[in-house]
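Student: After the structure tokens below, expect a handful of questions from me.
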Amino acid sequence: MAADTVFAKIVSGEIPVEILAETDRVLAFPDISPQAPVHILVIPKSTAYENVAELAAAEPETLAEMIAVAKRLAETHANGEYRLIFNSGATAGQTVFHVHAHVLAGDLEERSLG
Ligand code: 5GP
């Protein structure tokens, strides 16, 4: 359960963000600490899932929607090409335990993974 995270507060509106895309199930907003020319976070509104494997097992259609939103944002904010990253677990770099996709775009050629 990922209920008590900063992203839950963003979903509830307690922490304001610039909403870049929103559907019934998904929200997208800029990362507060961008690591690329375009760095957007796409999250499910549900607080039930800590990582992408849990979400994929329980709600594959929500994961598919997150990826569709990521693609659309890469088209509107960059040239349509993008990198998607799901950190899963603290030793993999996950700091917020509410599943999220990092959408990185812009000129990433010189940037290392992660
Ligand atoms: P993780 O390391 O868990 O994969 O990624 C968490 C991401 O959330 C980080 O890139 C971090 O910059 C971002 N983040 C943490 N707190 C906030 C916040 O309050 N607002 C926004 N927009 N991004 C945040």
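Student: I need the trypsin sites (Lys or Arg not before Pro) found in the stretch 34-114, filtered to DSSP loop residues with at most 14 other beta carbons within 10 Å of theirs.
Tutor: Filter output for the stretch 34-114: ARG111.
Student: Where does the Debye-calculated log10 I(q)/I(0) of the stretch 16-114 sit at q = 0.10, 0.11 Å⁻¹, using only Cα point scatterers of equal weight, no solvent?
Tutor: Log10 I(q)/I(0), no solvent term: -0.24, -0.29.
Student: Got a sec? How would SER33, SER46 order by Cβ neighbour count within 10 Å, fewest to most?
Tutor: Values: SER33 6, SER46 18.
Starting with the residue having the fewest Cβ neighbours, the order is SER33, SER46.
Student: Mind checking the stretch 1-67 for GluC sites (Glu not before Pro) that DSSP puts in a loop (not H, G, I, E or B) and that have at most 10 other Cβ atoms within 10 Å? All intermediate terms of the calculation are to be shown ahead of the outcome.
Tutor: On the way: sites: GLU14, GLU18, GLU22, GLU50, GLU54, GLU61, GLU65; in loops: GLU14, GLU18, GLU50.
Taking the stretch 1-67 and a limit of 10 other Cβ atoms within 10 Å, the loop GluC sites (Glu not before Pro) found are GLU14, GLU18.
Student: Treating the beta-carbon of each Lys and Arg as +1 and of each Asp and Glu as -1, no other charges, what is the dipole magnitude of the stretch 14-105 about its Cα centre, to the nearest 20 debye? Before the final figure, lay out each step's value.
Tutor: Numbers: 5 positive and 12 negative charges, 44 e Å.
Taking the Cα centre of the stretch 14-105 as origin, the dipole is about 200 debye.
Student: What is the angle, in °, between the Cα long axis of helix 60-77 and the longest principal axis of the Cα atoms in the chain? Nearest 10 is fine, range 0 to 90.
Tutor: On a 0 to 90 degree scale, this one is about 30.
Student: Full extension from ARG25 to GLU54: what is 0.36 nm times the residue separation minus their Cα-Cα distance, to one decimal in nm? Kindly include the intermediate steps, with their values, before the conclusion.
Tutor: Values: separation 29, 0.36 × 29 = 10.44 nm, distance 1.57 nm.
Taking 0.36 nm per residue and subtracting the Cα distance, the gain is 8.9 nm.
Student: Tell me, HIS98, HIS39 in order of fewest to most beta-carbon neighbours within 10 Å?
Tutor: Details: HIS98 26, HIS39 19.
Exposure proxy ranking, most exposed first: HIS39, HIS98.
Student: Which value in deg cm²/dmol, rounded to the nearest 500, describes the helix-derived mean residue ellipticity at 222 nm for the chain, given -39,500 (n - 2.57) per DSSP H run of n ≥ 4 and division by the residue count?
Tutor: On the way: 3 runs with 32 residues, N = 114.
Counting only the DSSP helices, I get -8500 deg cm²/dmol.
Coordinate-derived values only; no laboratory data. Just so you know, these numbers come straight off a predicted model, no measurement behind them. Note that each Cβ is placed from the backbone with ideal geometry, even for glycine, and that neighbours are counted across all protein chains shown.
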